[in-house]
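Read through the structure below, which is laid out as structure tokens, and then see the notes.
The values are calculated or read from the model by the stated rules, or taken from the named source; none is laboratory data. It should be emphasised that the depicted structure is a prediction, and the values quoted were computed from it without experimental measurement. Note: ideal-geometry Cβ built from the backbone for every residue, glycine included; neighbour counts use all protein chains shown.
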């Protein structure tokens, strides 16, 4: 079992990273909750991981915190929820939002994540409510410079991976930028775009 990968961050994208460790490059799928916590490319980094072995592949998933990995594991324990859908939940919602949605059985909030339908949201709430609890505090308010082209492009690319068409992704990101022009974080911009599409 590979539980931690520590080395040089060779490539950093909203949906995956490549970490070079001992001459081996590990391609690790990540959620957006992890993306903005990573250092710039070329710097050393430490990623908590979960290895999932299938008949046709060994898949490595990475997280910045123990809590992200724990919630990923809990989501995988829900019937019919696989790694891709678990990452989508962690990409579409903050850890606090996931905990609150499950703790209060807010299936609408969970169903707003692309790929999570009403029935899946209900299963997540029913199967995890007693395990995950709710009411985690929100992360701090966003501040800083307006989103740049790099952040916007990363946000659009991530939404396409989450199931949006490129035009839908571009429109949602543009609305999010208009709604919150000071946002400079890719993760927060994508969350704003997901919310903008629901409005």
* Mind checking which pairs have a first residue in region 3-24 that is outside any strand (DSSP E or B) and a second that is at pLDDT below 95 and surrounded by 12 or more Cβ atoms within 10 Å (Cβ to Cβ), Cβ under 7 Å, 6 or more apart or different chains? -> 14/32; 14/35; 14/154; 14/157; 14/158; 14/186; 15/158; 15/161
* Using the structure shown, decide if residue 84 is surrounded by fewer than 18 Cβ atoms within 10 Å (Cβ to Cβ) and within 20 Å of residue 160 (Cβ to Cβ). => yes
* Structure fact -> Only one of 159, 75 is at pLDDT 90 or above, part of a helix (DSSP H, G or I) and not assigned by TED's automatic domain parsing to the domain that holds residue 37, namely 75
